[in-house]
Every structure is written in structure tokens, then in C-alpha cells.
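Reading through the C-alpha cells given below for one structure.
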Amino acid sequence: MFTKQETQLIAKTLTQRREWLLKNMDNPEHAAAKEQNQKVLELIESSLAKLLQHLKPTQAPVDIVSAPSAKPSKMPIAQKRAQMQPADIKVLVVDDDNLISSIMQVLLNSYGIQQLDIAEDGLKAISMLYDANPIYDLVLCDWNMPIKNGLDVHNAMRAAERYTDACFMLVTAVTEAKQIRAAIDEGVDDYIVKPIEEEKIIKKIQRFFPQLGTRED
């Protein structure tokens, strides 16, 4: 069994390798190895998920001798979000349905969110998450997508330390309580049920970003 420090080092090394693969997946110079690289990428993500589960029960919130309790450690995050104006919130919308993405963009723009990017599939979303500077504050992601589904995107995001405080919501037609509970247990912050309804979406986002007020006419 690896020590905690060894496991963290392995996870960091695998994460760096995954980032390289994501950035170079469509590089013509590596076209011949694309299929093999895709299999390696899937293996890395599977391994990272297992490593993160191993670390999760014992990993301290911060690297100091006496770790604070879970509730106080979350306070700075809540305070930061409470102060964020709509123009400060950077959002990534992930959906393979272009119509849904367009509706989400128009809706959020009307509430003052202008920093908004769109990914048409999960693999592209993961690449955008790792390339983003500054990072995304909120990810609204479809659950059922080919190649990489919403939970795959979520797990990839959480594997990056800098996205620990980001808010992730699944946008889904799934209404079965058992499946939704499983997603919440995975660490998803919330979910939005399709078809999209303006009032429900805004209320969900306001739970995390209360400065998101009324529609701008």
C-alpha cells in the first residue's frame, strides 16, 4: 500500500500526463497514436478516480498540522461567492445539444453573466477546464453525452486542485431519485432538470451566487 504522500505524487504525475494528452490529442503529429492515446487517457482517468477515493477519507482540507473542521473551511468559499457580481462569474456550459447551449447562454447573459464559454462534448469540456485562466467558477454540464458524460467531466474537474472550490451542476433529463442521489454523493453540487425553466435555473444558481439578481432588460 502506498503512503499518502506517495499516492498524492502518483496522482499529480498522472494528472500532468492527462493534461498533456488532452492538449495534444488533436495534434497532427500524434495522429497515428490517437487511438492508443485515447485508451491511455481513459486508463489514467480510471486510475485517478481510484486514487482520489483512496485520498478522500484522510486528506486534510489544508496542509497544516491542525486541520479546521469542515464547516469553517467552507466559509471563505461562501463569502467569496456571496461577493461575486454576475460580471465576475466565469461559466462553462457543456452540452452536445447546441440549442440547449444557446438557450443557456442567452438566459445567463440576460442576468449579467458575460464570461461564458460553451463546450459541445465532455472531452472538449475537460480540455477547456484545464486550459482555463482564470478558472471557471460555475460549470453547467449535461449528464448524458457521448465519449465523456457529465460525471466524467465532474470527476476530471475535481481531480484538479485549483477547482476544489468551483461549483458543478448537472443539467439532465434524469429524474430518478436514486441516480440523482448517487451524483450528489459523487460531489456534484446540484442538478437542473430539463426541460430548462428560467426561474428554476436562476434559483439554483442563486444558492451559490446570491448576487445574481434580476434580469437585465
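The values are calculated or read from the model by the stated rules, or taken from the named source; none is laboratory data. Just so we're clear, the structure is a prediction, and the values are computed from it rather than from any experiment. As a convention, Cβ positions derive from the backbone with ideal geometry for all residues, glycine included, and neighbour counts pool all protein chains shown.
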Filter result for residue 190 (in contact with a strand residue (DSSP E or B) (Cβ under 9 Å, 6 or more places away or on another chain) and among the acidic types (Asp, Glu)): yes
Inter-residue pairs, beta-carbon under 7 Å, first within 20 Å of residue 179 (Cβ to Cβ) and in segment 193-207, second assigned to a loop (DSSP other than H, G, I, E, B) and hydroxyl-bearing (Ser, Thr, Tyr), 6+ apart: 193/175
Number of the exception - residue 211 against (1) closer than 21 Å to residue 81 by Cβ; (2) within 16 Å of the chain's Cα centre (by Cα); (3) of a type outside the set (D, E, K, R): (2)
Those residues of segment 90-134 which are under 16 Å from the mean Cα position of the chain (by Cα), crowded, with 17+ Cβ neighbours inside 10 Å and in a loop (DSSP other than H, G, I, E, B), in sequence order: 95, 121
Considering residues of segment 147-188 that are closer than 25 Å to residue 99 by Cβ and among the charged types (D, E, K, R) only, the residue surrounded by the fewest Cβ atoms within 10 Å (Cβ to Cβ): 176
Qualifying residue in segment 103-118 (condition: at pLDDT 95 or above and farther than 20 Å from residue 85 by Cα): yes
Residue match in segment 148-169 (condition: under 10 Å from the mean Cα position of the chain (by Cα), of a type in the set (S, T, N, Q) and assigned to a loop (DSSP other than H, G, I, E, B)): yes
Contacts under 6 angstrom Cβ, first residue in segment 114-125 being over 10 Å from residue 145 (Cβ atoms), partner surrounded by 18 or more Cβ atoms within 10 Å (Cβ to Cβ), 6 or more apart: 115/90; 116/91; 116/108; 117/92; 118/93; 118/101
